[in-house]
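All remarks here apply to the structure that follows.
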Amino acid sequence: MFHVPTNAIYRRIGRRRFLELGGGAASALGMGSVAVGLNSVITRTPAYAASSDDAKWKQYSGSKLVFMSENTPPSFAIRDNLKPFYDLTGIEVEILTDDLPVVQQKIGIDLRGGKADFQLNYVQDKPIGAPFADFFANLLDYTKDDTLPQDPEGYGQEVWFENFLDACGSMYTRERLIAFPYDAAVACTFYRQDLFEQHGKDFEKEYGYRMEFTPDTTWKQLYEFAAFFKKLRAAGQDVPYGYAQHQGSFAWTTQLDIQRLLFSHGQWTEFDVDDKLGSKTPGPTNWGDEQSVLLMQKFKDLADVSHPDNLANGTLQLNTVYQAGQIAMQVQYHEFAASIEDEKTSRAAGGKTAYVPCPKGEKSWLVGDGMLVNGTNCGIGGIGINGNASDDLKRAAYIFSIWATSKSTQFNVLSGVGGTPTRKSVLQIPEVAGARDRPTNMPNALTFAAVYDFGIKDPNFVLGPKIPEANEYHQIILDQVQKCISGKETTEEACKAIKEKTDDLNDV
């Protein structure tokens, strides 16, 4: 395990202490080093185009970087196994982790305050990338620099999974690249196939079709599955509830939850902008139109047949409810499969759970003649570089960025703690290809057919909305959706309020 640096002031800096420091702190200095921020140091030995690869990797040996990240599997795995990177480069990296809303706040203070305490930033696409896009370094300045080491696969769109580079790296323009895809959380359907088999005949007798999940299973059918399980419980049978949504207090995941339903029907989007790039001036929102009002009602109907703690459960709690055997279905992010397949903690493990694409749009719920798709969305976490950092800090941070997103590192994370690759080449490794079917020692690979082979591909994938006020927009959605679900507002009132507040937010 990589050693703890003797000059480390903070392993994890709390929010209060960070604010007390004014967003800046100095570290103890080594001989010939320069203090450059929160416990970071830069030391350089010049490297040239003609230098050896070893010299290019080691040109910042003796330096220290700080990476502020959400507490995701790659960051935990890399943090606990940094020795290979240190042996390769001589660079120490301190990885600080926290919940995403806290990470967003700390990174925002650092970036907007002109500081560079965190030279390496976790760039979650909408919550961090969209509002802070202008503050990150442009990675395109480094990808063709022949005095730096480079990944032999390169960094073009073709080496990452479809849409991933745009998701976290391209904000409002492709002339700048603010992050490399680092990890991924893509939605798909988890369901208890053992319970579907057990109760399938009774369902078919009542509804006239088989209770099963395929890529053509619609949102209306998911609603009927959930209503059926709730009816069995009401009759006294020992069965779980059918479904639960992403609610709780983390606004972004509630926005993602209803977005999947909306996009499935005619590829409805919140704004008329380029969905992959977003816009700093998105114009009026589409909320309040006939399609959004109808689907808000369907979302409420689904809530009415869901788990009784539906409004209280955020994404993490929802997964725990599924693990505990309290619901038979969840539309969840594929990174959670590793926890579902852990037989020590999950009642849904041992082959009981199957993974399929998100539900498809229902024709009778469609207003107009749009396409019915399997609306699939995501959180693509990138690794970016603080634009306030010095040139040498940026170059040293770039070296870590390409190592952390390399094929070998992503494979080690996947086979270790259960990561979610962003490079296509990882899936071509024989051990990974063989892990896609049971029995498997890489449980997240069980989702790859639903996610990488289907969900992330057009026309199913929806990335936005990328707007500067993304987090405020997410909060508007959470507030109004929960008022509607709890009966405090009608669907028309909720959609009208979303439109009025969102248009006001965007100065429309």
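The values are calculated or read from the model by the stated rules, or taken from the named source; none is laboratory data. Because the structure is predicted, anything quoted here is derived from the model rather than measured. Reconstructed Cβ throughout: ideal geometry from the backbone, glycine too, with neighbour counts over all protein chains shown. Surface areas here come from the heavy atoms of the whole protein model, side chains and all, with no ligands, DNA or RNA. Shrake-Rupley method; radii C 1.70, N 1.55, O 1.52, S 1.80 Å.
Annotations
- Of note, Ile178 satisfies the criterion of being modelled with pLDDT of 95 or more, buried (at least 18 other Cβ atoms within 10 Å of the Cβ), β-branched (Val, Ile, Thr) and assigned to a loop (DSSP other than H, G, I, E, B).
- Residues that are open to solvent by 50 Å² or more (accessible area, probe 1.4 Å), under 16 Å from Gly325 (Cα atoms) and either assigned to a loop (DSSP other than H, G, I, E, B) or of a type in the set (A, V, I, L, M) (or both), drawn from region 221-256: Gln237, Asp238
- Of all residues in region 109-121, those satisfying the criterion of being out of contact with any helix residue (DSSP H, G or I) (no Cβ under 6 Å at 6 or more places or on another chain) and either open to solvent by less than 10 Å² (accessible area, probe 1.4 Å) or of a type in the set (A, V, I, L, M, F, W, C) (or both) are Ile109, Asp110, Ala116.
- Of the criteria (1) out of contact with any Leu (no Cβ under 7 Å at 6 or more places or on another chain); (2) among the charged types (D, E, K, R); (3) farther than 30 Å from Thr218 by Cα, which one Arg395 fails: (1)
- Taken over region 361-374, the criterion of being within 28 Å of the chain's Cα centre (by Cα) and more than 8 Å from His265 (Cα to Cα) is satisfied by Asn374 alone.
- A single entry from Val293, Val273 fulfils the requirement of being in a loop (DSSP other than H, G, I, E, B), in contact (Cβ under 8 Å) with a residue 40 or more places away in the chain and open to solvent by 10 Å² or more (accessible area, probe 1.4 Å): Val273.
- Filtering region 201-210 to residues that are within 30 Å of Gln259 (Cβ to Cβ) and either in contact with a Lys or Arg (Cβ under 9 Å, 6 or more places away or on another chain) or basic (Lys, Arg) (or both) leaves Phe203, Arg210.
- Within region 314-334, the set of residues being part of a loop (DSSP other than H, G, I, E, B) and at pLDDT 95 or above comprises Ala324, Gly325, Gln326, Ala328.
- Of residues in region 37-86 being of a type in the set (D, E, K, R) and over 30 Å from Pro443 (Cβ atoms), the one surrounded by the most Cβ atoms within 10 Å (Cβ to Cβ): Lys64
- Each residue in region 51-71 was checked for being at pLDDT below 95 and out of contact with any Leu (no Cβ under 9 Å at 6 or more places or on another chain), and 1 of them qualify.
- Residue within region 425-439 that is open to solvent by less than 30 Å² (accessible area, probe 1.4 Å), touching a residue at least 40 places away in the same chain (Cβ under 8 Å), more than 26 Å from Trp57 (Cα to Cα) and of a type in the set (D, E, K, R) present: no
- Selection within region 371-400 - assigned to a loop (DSSP other than H, G, I, E, B), farther than 23 Å from Lys466 by Cα and not polar (S, T, N, Q): Ala389
- Condition met for Ala184 (touching a residue at least 40 places away in the same chain (Cβ under 8 Å), crowded, with 24+ Cβ neighbours inside 10 Å and assigned to a helix (DSSP H, G or I)): no
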